[in-house]
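Take a look at the structure below.
The values are calculated or read from the model by the stated rules, or taken from the named source; none is laboratory data. These figures come from a predicted structure and were not determined experimentally. We place every Cβ from the backbone using ideal geometry, glycine too, and count neighbours over all the protein chains shown. Note: areas computed on protein heavy atoms with side chains; ligands, DNA, RNA excluded. Shrake-Rupley method; radii C 1.70, N 1.55, O 1.52, S 1.80 Å.
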Amino acid sequence: MLFANSEVTELAPGAVLLRGAVGADDGRFLAEIHRVASISPFRSVVTPGGKPMSVEITSCGDVGWVADRRGYRYEAIDPATGSPWPPMPDVFQEFATRAAAMAGYEKYVPDTCLINRYSVGSKMGMHQDRDEQDFSRPIISVSLGLPINFKFGGLSRAGEAVKVQLVHGDVVVFGGPARLAFHGVGTLRKGKHPLTDAMRYNLTFRVAL
Ligand code: MD3
Ligand code: FE
């Protein structure tokens with residue numbers, strides 16, 4: 001057994017929910033998030049259309065996800081610091097590799113982890129993640145802190161969406177037909193989590209290059 005106390009369910013073809021898979025690693029995950037953010041701080045960014053995103057972001061790994069008026073892309077240097085992004089913590093990489101194996105993806109080695117920080121009122125509209133080179137590699141999402149309503153749609157913006165609440169410790173592997181599906185999250189409600197206070201964090205492990 002790779003994860004104790006974890007229920008495995010398929011949300012949609014290719015989208016595997018590992019409920020509570022973070023388990024007792026949660027404190028270590030949060031400590032690593034704070035360490036990454038002490039080097040590459042959380043920042044607000046704008047979309048290429050000039051709209052500010054309500055979620056604050058940072059990254060670790062070989063590259064980080066960058067959004068500005070020029071577009072979306074991965075870069076090896078953090079534009080906020082002028083230095084390389086902090087390296088991916090070993091516990092992150094090992095966890096992502098195990099979670100991927102759980103969903104049937106062998107030898108998954110992410111080269112980046114995007115860290116989203118939600119505060120009261122933050123949300124993320126429906127979108128696809130298509131800034132990576134190889135869509136045959138899954139994206140793995142880890143939720144920490146306050147719960148949020150996650151919407152998972154199809155390959156077009158229209159059509160029925162599956163709705164699921166993601167809570168502290170949940171992990172989702174998005175591969176195969178789910179890899180290019182539209183998805184988004186509802187507005188973060190006021191709350192107080194023992195480990196994250198009024199925040200929610202979401203980590204997404206990716207093979208970008
Ligand atoms: C389905 N993050 O960072 S996690 C994102 O909760 C993002 O912060 C949301 O969407 C969050 O791009 C949702 C679930 C998720 C992440 C990546 C996916 C679902 C996905 C990529 C492809 C398909
Ligand atoms: Fe996304």
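Data overview
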{"quantity": "Only listed residue being crowded, with 19+ Cβ neighbours inside 10 Å and either farther than 19 Å from V16 by Cβ or within 15 Å of ligand 1 (Cβ to nearest atom) (or both), chosen from V173, V162", "calculated": "V173"}
{"quantity": "Hits in segment 10-43 - residues which are surrounded by 11 or more Cβ atoms within 10 Å (Cβ to Cβ), without any contact (Cβ under 8 Å) to a residue 24 or more places away in the chain and either of a type in the set (S, T, Y) or in a helix (DSSP H, G or I) (or both)", "calculated": "A31"}
{"quantity": "Counted residues, segment 176-189 - those being outside any loop (DSSP other than H, G, I, E, B) and open to solvent by less than 10 Å² (accessible area, probe 1.4 Å)", "calculated": "2"}
{"quantity": "Pick from segment 86-128, criterion basic (K, R) and within 11 Å of ligand 1 (Cβ to nearest atom), ranking: least open to solvent (accessible area, probe 1.4 Å)", "calculated": "R117"}
{"quantity": "Members of segment 72-127 that are within 16 Å of ligand 2 (Cβ to nearest atom), among the hydroxyl-bearing types (S, T, Y) and either outside any loop (DSSP other than H, G, I, E, B) or touching a helix residue (DSSP H, G or I) at 6+ places or on another chain (Cβ under 7 Å) (or both)", "calculated": "Y72, Y74, T112, Y118"}
{"quantity": "Which numbered condition P194 misses (of (1) within 14 Å of the chain's Cα centre (by Cα); (2) more than 10 Å from ligand 1 (Cβ to nearest atom))", "calculated": "(1)"}
{"quantity": "Pair list, Cβ < 7 Å and 6+ apart or interchain, from segment 129-154 residues that are under 14 Å from G176 (Cα atoms) to residues that are among the acidic types (D, E)", "calculated": "I139/D129"}
{"quantity": "Odd one out for G153, checked against (1) modelled with pLDDT of 95 or more; (2) farther than 21 Å from S40 by Cα", "calculated": "(1)"}
